[in-house]
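Down below is the structure, laid out as structure tokens.
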Amino acid sequence: MESLLRQYTAPDFTKPQFTAAPDATLRPAPLDGVAPEQYHAMSIFPEYFKVDGRWLLAQESRMDCVPVLKGDAIEVCEFRRLKQGDMVFCGRTEDASEGIYVHPDGFRETGNTEEVFAFRHNRSRETAFSRDYDELYRVLAHDRDHGKIVWVMGPAVAFDYDSRKAFAKLVKAGYVHAVMAGNALATHDLEASYLGTALGQDIYTQRNQPNGHYNHLDTINRVKLHGSIADFVREENITEGIIAACVEKQVPFVLAGSIRDDGPLPPVIGNVYEAQDRMRDQIRSATTVICLATTLHSIATGNMTPSFRVMADGTVRQVYFYCVDISEFTANKLSDRGSLAARAIVTNAQDFVVHVVKGLGLE
């Protein structure tokens, strides 16, 4: 795994570029939720700020947020969380000349002209993804025990018998540390567990069942009767499926609501900013993120996922980010975010999950 996780090379702060640089400028936020003029907006890369002659790394980053000095640490803060008087770093340059340095090349291999991750490396249905799968198997094997694997999922995986069964195997084998999705993924997976259908279609044959359009509503209603998904799984003796596996293995799932939701299920978060906060709580410690067939959730997750993670021992490692979708547009949308940020795999999400389970030897 050492050859896969490239060693992080920090900037050489003994160079004149850094020693001659001034301390970064700090200005107070004028009002709650308002940044001062010339505020600095964060990127996905490691960023350093010079404070009292020392270069400090912002250990948690999020694109399009602002860095705030809190004691001896730098907190990366959403604009909506700013409080009047918060000391915000200001400056629009990134080359240390204003005491701010953005470091995009910390994981780059010297002498490698064709990076594994690259700017505008668009991929299509004609791309061969064998190398990507081989890499993914190694990443998952490592991060199962030494990292945190977060899956971001659309409902497509819940509409297929084989992909539901396969993903449940991933959960039970320890390859899933958190799930982020919407009402639909959980609803249709639970519908399949409870009534054998997804949106009224037989989960295996895909044939519409009589009055099947009631089934997802009946499932939501039943879950609400029991009060929670965990109680529903226990009281209805649900033993298979994605959500049941998460309940069994105590894998957290964040269900962000949508204006189009039916029901919704009891744990679905209707407040978008609360949902964003809960999603970011999971992303803060993620080392591998896999987005499956969900454009909006993928973009939202990508926007809050940096290209690096500071581990408990202080080391800096890269974050692996995969976007899997049958749509080339969706799969490539996030790959334009930059090196070491996102890898696109253009394929059917159900087939992808089954393929991963086979590659990991879980059949």
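The overall shape of the stretch 281-363, judged from the alpha-carbon gyration tensor, is oblate: a/c is not under 1.5, and a/b is no greater than b/c. For the pair the stretch 41-96 / the stretch 184-258, the C-alpha centres are spaced 42 Å from each other.
With a Förster radius of 56 Å, plug the Cβ-Cβ distance of E37 and A173 into 1/(1 + (r/R0)^6) and report the FRET value to the nearest 0.05. That gives a FRET efficiency of 0.60.
Can you check what the Kirkwood hydrodynamic radius comes to for the stretch 1-101, Cα pairs only, in Å to one decimal? That comes to 14.1 Å for the stretch 1-101.
By per-residue mean of other Cβ atoms within 10 Å, what is the highest-first order of 308-314, 93-99?
The most tightly packed comes first, giving 93-99, 308-314.
According to the Kirkwood expression over distinct Cα-Cα pairs, how big is the hydrodynamic radius of the chain, in Å?
With all distinct Cα pairs of the chain included, I get 21.9 Å.
Computed log10 I(q)/I(0) for the stretch 1-53 at 0.16, 0.23 Å⁻¹: -0.73, -1.03, from the Debye equation with unit scatterers placed on every C-alpha and solvent omitted. Put simply, when 174-186, 209-221, 278-290 are sorted by average Cβ atoms within 10 angstrom per residue, most first, you get 174-186, 278-290, 209-221. The average projected area of the stretch 227-341, computed from the convex hull of its Cα atoms over all directions, is 9.0 nm².
Do any of K50/K83; K169/K333; K148/K249; K148/K358; K224/K358; K15/K70 go past 25 Å between their Cα atoms, and which?
K169/K333; K224/K358; K15/K70
On full extension, the segment bounded by R260 and N208 gains 16.5 nm, given 0.36 nm per residue less the C-alpha separation. Would you work out if the stretch 161-231 is rounded, prolate or oblate? Take a ≥ b ≥ c from the square roots of the eigenvalues of the alpha-carbon gyration tensor; rounded if a/c is under 1.5, else prolate when a/b is larger than b/c, oblate otherwise. Cα axes put the stretch 161-231 in the oblate bin. Mind checking Rg over Rh on the stretch 127-193, alpha carbons, Kirkwood formula for Rh? Ratio of gyration radius to Kirkwood radius: 1.01. Each residue, Y137 and D95, gets one label point 7 Å from its Cα in the Cβ direction; the gap between the two is 4.6 nm.
Most tightly packed first, judged by the mean number of other beta-carbon atoms within 10 Å of their residues, the peptides 26-32, 45-51 read 45-51, 26-32. Helical runs (DSSP H, four residues minimum) scored at -39500 (n - 2.57) apiece and divided by the length of the chain put the mean residue ellipticity at 222 nm at -9000 deg cm²/dmol. Contact order for the stretch 132-247, expressed relative to its length and based on alpha carbon pairs under 8 Å spaced 6+ residues apart, stands at 26 percent. Placing a pseudo-label 7 Å from each Cα along the Cα-to-Cβ vector at Q84 and N221 gives an inter-label distance of 5.1 nm. Across the chain, C-alpha contacts under 8 Å between residues 6 or more apart give a mean separation that, scaled by the residue count, equals a relative contact order of 19 percent. Panel values: the stretch 50-114, Kirkwood radius from alpha carbon pairs, Stokes-Einstein at 37 °C and 0.692 mPa s, translational diffusion coefficient 242 µm²/s.
No value in this document is a laboratory result; all are computed from the given coordinates. None of the values given here were measured: they were computed from a predicted structure. Heads up, the Cβs are rebuilt from the backbone with ideal geometry, glycines too, and the neighbour counts pull from every protein chain shown.
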